[in-house]
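Nothing in this text is a laboratory measurement; each read-out follows from the coordinates by a stated rule. Note that the coordinates shown come from a computational prediction; the quantities given were computed from them, not determined experimentally. Glycine gets a Cβ as well: all are built from the backbone with ideal geometry, and neighbour counts include every protein chain shown.
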Amino acid sequence: MDPHNKVPPPDNYAAFLARLDAATTSLSTRARALDKALTAVSLLLGRYQRALRGWERRLVRVNEELARHSGEPQTSAALNELQRTAVQMESMHSAQVLRLTKKLSLMQGRLDAIGRSVRELEVSRAKLDTSRRLSQDRENLSKALYELAGTGGGAAKVPDLGLRNDLKEAREAVILAEALLEVKES
């Protein structure tokens, strides 16, 4: 790194952070839409479940009436027709409840997967931000150390060789500390 060069180095992290942010935004948008759909399907499922319970109760009452009935054939025919209707409606609502329950489970699974992915993206972003700050700190430290030690024939500027050795050891300590941080983050 040329300490006389005033142009800042390119930010290699910016593109990665932008991709993480774009992915997070996209998944968050999908999660909101899926959450609204989940609410709508839940409401619909509740309605079908209530209707199913109603048809189940009707079927029980019609069956009780049929068991007690011993009279006119017209009444028997009407009760049998009510029973057939209740059985059909119970079956139809039961199928809808099953279908909506499966759909709800799939949607919840997708929402959970999106949530996990968003959390992973946020963790990755935090790690990348930390790495970016470490890199910037390393650059600033290097620049300061080079300026203190004198660069490009600057050996004459710093007559104290002990200072040079101390600065070199400080730089090596910083590099080792950063390496340890990166290993622990992995």
Roughly how many nanometres apart are two label points built 7 Å out from the Cα toward the Cβ at N80 and L180? 8.9
How much length is gained if the chain between E72 and A14 is pulled fully straight, taking 0.36 nm per residue apart and subtracting their Cα-Cα distance, in nm to one decimal? 12.4 nm
Enumerate the residues in region 77-116 having an amide nitrogen under 17 Å from the point lying 7 Å beyond the Cα of Q49 toward its Cβ. 93-109
Cα pair distances exceeding 17 angstrom across region 50-124, given as percent: 61
Report the label-to-label distance for Q136 and R58 in nanometres (one decimal), using points 7 Å from each Cα along the Cα→Cβ vector. 6.8
In whole Hz, the Karplus estimates of ³J(HN,Hα) for region 55-61 (6.51, -1.76, 1.60; θ = phi - 60°; x where Gly or Pro) are 5, 5, 5, 4, 4, 4, 5
